[in-house]
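Enquirer: Just passing along the structure, written as structure tokens.
The values are calculated or read from the model by the stated rules, or taken from the named source; none is laboratory data. If you're wondering where the values come from, they're calculated on a predicted model, not measured in any experiment. For neighbour counting, all protein chains shown are included, and Cβ atoms are generated from backbone atoms with ideal geometry for every residue, glycine included. Accessible surface is based on the protein model in full, side chains and every heavy atom, while ligands, DNA and RNA are left aside. Shrake-Rupley method; radii C 1.70, N 1.55, O 1.52, S 1.80 Å.
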Amino acid sequence: MRGLYIWWGRRVPLMPDIALTTIAVLCVAALAAGWIDAVVGGGGLLLLPVLLLGLPAGTPAAYALGTNKAVAIVGTSGAAVTYARRAPVDVRTAVRIGLAAVAGSSAGAFFAAGMSTDVLKPVIMVVLLAVAAFVILRPAFGTAPATGPAGPRRVLAAIGLAGLGIGFYDGLVGPGTGTFLVLALTAVLHLDLVSASATAKIVNCCTNAGALATFAWQGTVLWQLAALMAVFNLAGGTLGARTALKKGSGFVRVVLLTVVFALVGNLAYEQWLA
């Protein structure tokens, strides 16, 4: 891979040898992923598969995972700030879940280092189909208003499920983490979708930070490519949060399902037919 230099005794990857048109596609995907992730979560469902397809053949999957985290944390942070200014968020509970998520995502990232693309693609397809099935079967999920502050037991359950459990998944694989957080927070803490999305952004910032720290230490982040894509992801995340606050998440379900099924078809073709 081109553009390696020594930093603190480690080899740090810069920009891979990919075509300008591919970089443009990656940037557009980062913009769309930031918008989707901010509204209903699941931006990684778009961004990671596109990275896996866009990076040069033979690139270890860990580079796609690490670069994805470097991009996503920027857009997620922008969405979190936008939500925090305008939506009711229990910041204390979100931070407690987020701290558990840091530990979970860091552990997951260590296991992800040795995962190959051939193993990762089928996992992503299963995750995509599971999310699609849930969205189709439960269209009214999270439409009821929040029931008020959660009790200690519900908060503890959220720390275990959304923090440690989904945090570990985020570090290991990643796609769908935002969606899974929204679903878990809605179910466990009895939040409406907008409040759950706002809370999930704070937690997701923590999971991204934990996983990114591990990937950076392992030297599997393409920093130049990530920095370019992060600009577009930030714009998409900020716009998506404003859209969710203004219109709600109902109309995004159709967009999310369309993206999910398109990506499943593309990944299936690459895995078994190409």
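Enquirer: Which lysines have a Cα less than 19 Å from the Cα of LYS201, not counting those fewer than 8 places away in the same chain?
Expert: Here the lysines satisfying the reach criterion relative to LYS201 are LYS69, LYS246, LYS247.
Enquirer: Between ALA19 and ALA268, what FRET efficiency follows from the Cβ-Cβ distance if R0 is 30 Å, with the result rounded to 0.05?
Expert: So, using R0 = 30 Å, E works out to roughly 0.80.
Enquirer: Got a number for the accessible area of ILE136? Probe 1.4 Å, square angstrom, nearest 10.
Expert: 90
Enquirer: Still on this structure, please answer the following. Please list TRP217, TRP223, TRP35, TRP272 from largest to smallest accessible area, probe radius 1.4 Å, with all protein chains kept in place.
Expert: TRP272, TRP217, TRP223, TRP35
Enquirer: What whole-number distance in Å separates the alpha-carbon centres of segment 25-79 and segment 217-241?
Expert: Centre-to-centre (Cα) distance: 7 Å.
Enquirer: Can you give the accessible area of THR214 in Å² (nearest 10), computed on protein heavy atoms with a 1.4 Å probe?
Expert: 10
Enquirer: With every protein chain left in place and a probe of 1.4 Å, what is the accessible surface of THR258, to the nearest 10 Å²?
Expert: In the full protein context, THR258 sits at about 90 Å².
Enquirer: What distance in nm separates the two pseudo spin-label positions at LYS246 and ARG85, each 7 Å out from Cα along the beta-carbon direction?
Expert: It is 1.4 nm.
Enquirer: Express in nm, to one decimal, how much length is gained between LEU129 and LEU99 on full extension, taking 0.36 nm for each residue of separation and deducting their alpha carbon distance.
Expert: 7.9 nm
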